[in-house]
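The values are calculated or read from the model by the stated rules, or taken from the named source; none is laboratory data. Quantities reported herein were computed from a predicted structural model and do not represent experimental measurements. Reconstructed Cβ throughout: ideal geometry from the backbone, glycine too, with neighbour counts over all protein chains shown.
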Amino acid sequence: MLIAELEGNRIDAFTAQRGPTYHCPHCRGEVVLKKGPKVVHHFAHKPPTTCTWAKGETRAHMEAKALLAEALSKRGLRAEMEFIVKSLPNDRRADVMAWSPNKKQIAFELQHTAIGREEIEERASSYARAGIAQIWIPFIKASVWKDGYPRSGGWFVERYSPRDFERWVHGFAQGNGMWMYDPKDKAFWLGCLTGHQTYVEESMWYSEGGEENYSGGFWKYSKRYKELTLEGPFKAEDLRIKVTKRKAYYKSGHRWPAGHIANFVPANAVQPAKTPAEKV
């Protein structure tokens, strides 16, 4: 984790110094500052521990949180990593929380690993009830670069199998696509999922009475696969934030709560809003 407590105050691993005794904001147990040229600065629980916040976190996830928080701070916004939201279930930390000029809270969830549908819907509903705008950002799978190819200044994967939570995130954005993060190049891409068609080969067989029967010979939309189009890449400092409202919706087993949603907008593409919205 990137945030610990020192004498009751939050402190991040990048500004912390070796020597003082730091504590976990959740269990209050002692944590050790880890710093070095080959590791992301972070805090680790002093063993033994049973704290749920002590579970392993990838280097890529910690780097993404730090990168985004730094970019927001450089724009003059208040931004805090691993900000505790008391109304959230289970792990109550937002990866990054920012405050717009009019004090609107915006939660950024950088999703490196798969998350269950029930959990993401529960967390999203909790943010909505608290009046917090939210944006969910899946990490791009390595297979995307292996299975796709460049197209129109972006990247295209003709046969992509989205994770269930990615389908949820895409739907949550209400047709605006879903922003995704590439941990290798530390860049953001705008992803769009569209239908993928597969061809059903024509076949012929004879029934017991000798009658010819035919099937197939047509195209159909796949339930498993989608076409993925990525627009980008964009650096964090080149993105602005647009906050809008959405209505509750249910489709194909997915539930999206009513509330405020946030989306990135490339700085050179910011246009006057057609509907009431706040740009940050």
> Looking at (1) in a helix (DSSP H, G or I); (2) at pLDDT 95 or above, which is the only condition Glu119 fails?
Replying inline: (2)
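Yes or no: the stretch 98-114 includes at least one residue that is more than 16 Å from the chain's Cα centre (by Cα), outside any strand (DSSP E or B) and β-branched (Val, Ile, Thr).
Narrowing the stretch 98-114 to residues more than 16 Å from the chain's Cα centre (by Cα): 99-105.
Of the ones still in play, those that are also outside any strand (DSSP E or B) are 100-104.
Applying the additional criterion that residues be β-branched (Val, Ile, Thr) yields none.
Taking every residue of the stretch 98-114 in turn, none turns out to be more than 16 Å from the chain's Cα centre (by Cα), outside any strand (DSSP E or B) and β-branched (Val, Ile, Thr).
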>> Can you name every one of the strands (runs of 3 or more DSSP E) wholly within the stretch 1-65 that holds 1 or more residues which are over 16 Å from Asp91 (Cβ atoms) and among the β-branched types (Val, Ile, Thr)?
In response: 9-12, 30-36, 39-45
> Counting just the residues of the stretch 49-78 that are over 17 Å from the mean Cα position of the chain (by Cα) and small (Gly, Ala, Ser), which one comes out surrounded by the fewest Cβ atoms within 10 Å (Cβ to Cβ)?
Replying inline: Gly56
> Can you spot a residue in the stretch 220-232 that is closer than 27 Å to Ser152 by Cβ and more than 27 Å from the chain's Cα centre (by Cα)?
Replying inline: yes
